[in-house]
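Report on the following structure.
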């Protein structure tokens, strides 16, 4: 029996390689055991299943604040970046925490380094609206430079030059190799929940 489709973005977000889960029986068993543990954790509460039948456990896939959806749709309209992709990056980067600061100094909802913020941002990186619009501008820039949303996601994590140096492929960094499918899985999950996300990420 395969892994239920609604769990794939959750697994990816938590660091599972979806390719390994699908092809390697050991990883499939490990993923199934992890899912069972999460289901047992929330058993009886009734909080884990949405009206569409998808599992949305607190702390596993964060809910999207309504105002973030509105801002992402506006940013999408002005940049052409799918709103669900903007939100997928935000979820992966900070879990929708506008006050997040990484050990390396990345700041805010979209986890901008100061130098990148100076180029693409306006105001404060801790302002979630400003961060969403800046993130959309940066993703649009990366997609234009690298040729696809998938490589733009890789560039968001590793830097655009790293993608170029890898021959316009996802760089062979372990973190980036996990980051890209995790964001794409979140994008797929959010796409059905966010208006204005018609452009598919490829």
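Read-outs: derived from the displayed coordinates by stated rules, not from any lab. Predicted model only: the values in this text are computed from it and were never measured. With ideal geometry, Cβ positions are generated from the backbone for all residues, glycine too; neighbour counts draw on all protein chains shown.
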In what sequence do 118, 127 fall when counting other Cβ within 10 Å, fewest first? 118, 127
Output ordering of 136-142, 168-174 (per-residue mean of other Cβ within 10 Å, highest first) is 136-142, 168-174
Efficiency of FRET between residue 67 and residue 23 - r from beta-carbon atoms, R0 30 angstrom, step 0.05: 0.15
Alpha-carbon centroids, segment 140-184 and segment 71-87: separation in whole Å: 19 Å
